[in-house]
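Structure record follows, encoded as structure tokens.
Please treat every number below as a calculation from the coordinates, not as lab data. No experiment lies behind these values; they were computed from the predicted model shown. Neighbour counts are summed over all protein chains in view; Cβ atoms, including those assigned to glycine, are modelled from backbone coordinates with ideal geometry.
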Amino acid sequence: MRLRISLPSFSKALSTVPSKRTPFPTAVQELTSFLRDGRPNITILTGAGVSTDSAIPDYRGENGTYTLNPDYKPVFYQAFVRSDDARHRYWARSFLGFPPVMTTQPNPTHYALAALQAQQTSSTHQPGQDQDHTHKDHLGYVRTLITQNVDGLHQKAGTKDIIELHGTLHRVKCMSCGHERDRSEFQQILADLNPNWNEMIQSNTTSSLYSRMNADGDVELNTAGQQDLHSKNLRQRILDYHTFQYPTCSNCGSGHYKPSVVFFGENVPKAVKERSMQTVLEADGLLVVGTSLATYSAFRLVKLAKDAGIPIALINLGYSRGDALADLRYDESSTHLLKAVANELGLGEIPGLVKKHFQHTLNVIGS
Ligand SMILES: [Zn+2]
């Protein structure tokens, strides 16, 4: 049991004063020590910032504002539940927006976080090594990863034991009977029901149809004036989302599917909330990566750790609501810092590419 020390509350006031940026080598050393101290029971909390290097921009800027897409109006939960019109609109736009979600790849931050956890699952003794050495080699640093992201990139990078605080884009669930199915499979059903729309995706003209895709699967369609289509007739046919067909549940026959994403106006499921809080309380350290903590469901976890005296390290480019709560705070790119820390810990080469951000691409909600 590690000793936990709570800092007095006046530290909050002190830490609101802009502090000097920690030199990079110092940050690497401090974070390495933080991970070693909490090993093997660090909990990680991630947000949209970890996916920006996979070309999924963080929709909140340094001041927590919607800098990339100020006009975005998300589908609200109540509207989706009650309104057939809202569901037509959502599924039409989601149908166009989902293909890039399937193909987006993890970046070095995802792989570094996976590497921090990876060795924990194996405890087999390697011939030729003494027992202590083997045990140490197979002990990971991280137990559970909690993410606000719905893109599934942590899973693609190999992280296990993930709590998806705001759900996932990769499944849909019947709102009546709870029947779940894979979103890729659902995409095929939508394609079969809507051959004209599918034709648009196949002919690669969808990029001109929408300017931004939001990670709740919703696409921001360009206005007519922004359209760059060859055929105006085709555009008008395509953009009428009322024509878009979506299926009722294949299990109960009457229920409607909803993406397994927590919409605006919807609560985080109770079991997910409780499990995430329990996981934080059981941790020996909380590493927060790439989030401004603007969403209360995430901020609450950091506050919980603080109140329980659990050490907190926070990596985020720009302001974060958790700044005053963190014992260690790095205003850095998580990709560079975590690659260096993984190297310091001898975790081997961290794979993954940092992609150039597209001018118009994915926006992420729920962080
Ligand atoms: Zn059903």
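Listed cross-link partners 303/355; 156/273; 270/306; 156/355 are compared with a 25 Å cut-off, the Cα-Cα value being larger for 303/355.
Each of 83, 94 was scored by other Cβ atoms within 10 Å of its Cβ. Arranged with the fewest first, they read 83, 94. List every residue whose amide H lies under 5 Å from the amide H of residue 289, counting only residues 5 or more places away in sequence or on a different chain, with H placed 1.01 Å from N in the peptide plane. Amide H neighbours of residue 289, under 5 Å, 5+ apart: 45, 46, 47, 315. In this calculation the C-beta distance from residue 177 to residue 319 is compared with R0 = 56 Å, giving a FRET efficiency of 0.85. Counting neighbouring Cβ atoms within 10 Å and putting the fewest first, the residues 250, 260, 276 line up as 250, 260, 276. Taking amide H positions as modeled 1.01 Å from N, with prolines and chain starts lacking one, the residues under 5 Å from residue 329 and 5 or more places away or on another chain are 314. With a Förster radius of 30 Å applied to the beta-carbon distance between residue 275 and residue 192, the computed FRET efficiency rounds to 0.25.
Using θ = phi - 60° in the Karplus curve 6.51 cos²θ - 1.76 cosθ + 1.60, the 3J(HN,Hα) couplings for the stretch 191-199 round to 5, 5, 6, 10, x, 5, 5, 4, 4 Hz; x is entered for Gly and Pro.
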